[in-house]
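Trainee: The structure under discussion is supplied below as structure tokens; questions concerning it will follow.
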Amino acid sequence: MHRTLTAKTRLGEDSIVVIPLLSDNEFSSEATPDFDHSKRWFLQAVSISRKGVVKKLQAQGVPEGWKKSPLLRNCFPLTLNAQGRWTEDAKVRLDDDLGLVYEPKEAE
């Protein structure tokens, strides 16, 4: 079937579910977290659709250990440093009041 004839199921940008993890969250990409860890992390989940962030996280993939967890198998870890900034791009940060914040690029 031609691709233009297939039904589209989404009208917006791609979105993913991320779990913000600070460096003290005992995260290991290979280990399968127990149910209590999975539940605690899943309750912190955030849905994001920022194209650049989504593409970077999709390229990294879901950790192998998380693929075995019913709660986390479709989630991506968003690893944050001690200041709450994403380790891959410091313009993405977690704010206690605002949630996930994308800072604008500075004018050069």
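Trainee: Less than 14 Å Cβ to Cβ from Trp86, Lys/Arg counted +1 and Asp/Glu -1: what total charge do the surrounding residues give?
Mentor: Overall, the nearby charge balance is +2.
Trainee: In nm², what is the average projected area of the convex hull enclosing the Cα atoms of region 55-108?
Mentor: Orientation-averaged projected area of the Cα hull: 5.1 nm².
Trainee: Net charge around Ser38, counting only other residues with Cβ within less than 14 Å of its Cβ (Lys, Arg = +1; Asp, Glu = -1)?
Mentor: Result for the local shell: +2.
Every number in this text was worked out from the coordinates using simple rules, so none of it is lab data. Here the structure is a predicted model, which means the values were calculated and not measured. Positions of Cβ are generated from backbone atoms using ideal geometry, with glycine treated the same way; all protein chains shown enter the neighbour counts.
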